[in-house]
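The next block holds one structure in the form of C-alpha cells; read it before the comments.
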Amino acid sequence: MAGSLTVGFVAHRLSTLAGLTSGLCLLLVGIVGLALWDAWQVYLVATIFFYFAWSFQYAFQFKVLAAVDRGAKIVGIVPAVTFGGLTIGPAIGGVLLSLGGSVALCVFGLTCVLASVASALHLQFRLITSNPV
C-alpha cells in the first residue's frame, strides 16, 4: 500500500510518462535483485521494491486506460484479470521454479512487466499524438 500512498502525494507533480518510467525502473531494480539475491536482506529489499513499484505504477496505468477507454470496457476488466493473474501466478511460478529455477521465474516476470509497461507507454503516446496540446 505504500506505493499507492506515495502516488497520492506525488501524482500531481509527475507526468504520466514520468510515473510509468520511474515505476518501471523500480520494478527492474526489484526483479534484478530477486534474480541475483545471495542474501536474505537483498531478497527482502528487492521484494519490497517490487511490490512498492507495482502499486505505485498501477495508478498511472489506470490513468492512461481511463483516458483511452471512454466506454470503460477495459478498465472494468482489469481487476478481474489482475485477480486471475494473482490466482494463477503462484502455480506458474512454481512450475517455472521447478523447471528453470529462479532465473526462469525472473525472466518470465521481467517479460510480463515489460509487456505491461510497454502497453501503457504505447497507449500514452497514442493519446498524446491524437490529442496534441
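Every read-out reported here was derived from the displayed coordinates using simple, explicitly stated rules and does not represent laboratory data. None of the values given here were measured: they were computed from a predicted structure. Please note: Cβ atoms are built from the backbone with ideal geometry, for glycine as well, and neighbour counts cover all protein chains shown.
Taking every full run of DSSP H in the chain, the ones that stretch at least 24 Å from end to end by Cα along their long axis and average -1.0 or higher on the Kyte-Doolittle scale are 16-36, 40-68, 73-130. Placing pseudo-labels 7 Å out from each Cα toward the beta carbon at ILE92 and LEU110 gives an inter-label distance of 1.7 nm.
Our note on the geometry: Cα centres of segment 77-129 and segment 21-49, 16 Å apart.
The label point for SER119 and the one for ALA80, both projected 7 Å from the Cα toward the Cβ, are 1.5 nm apart.
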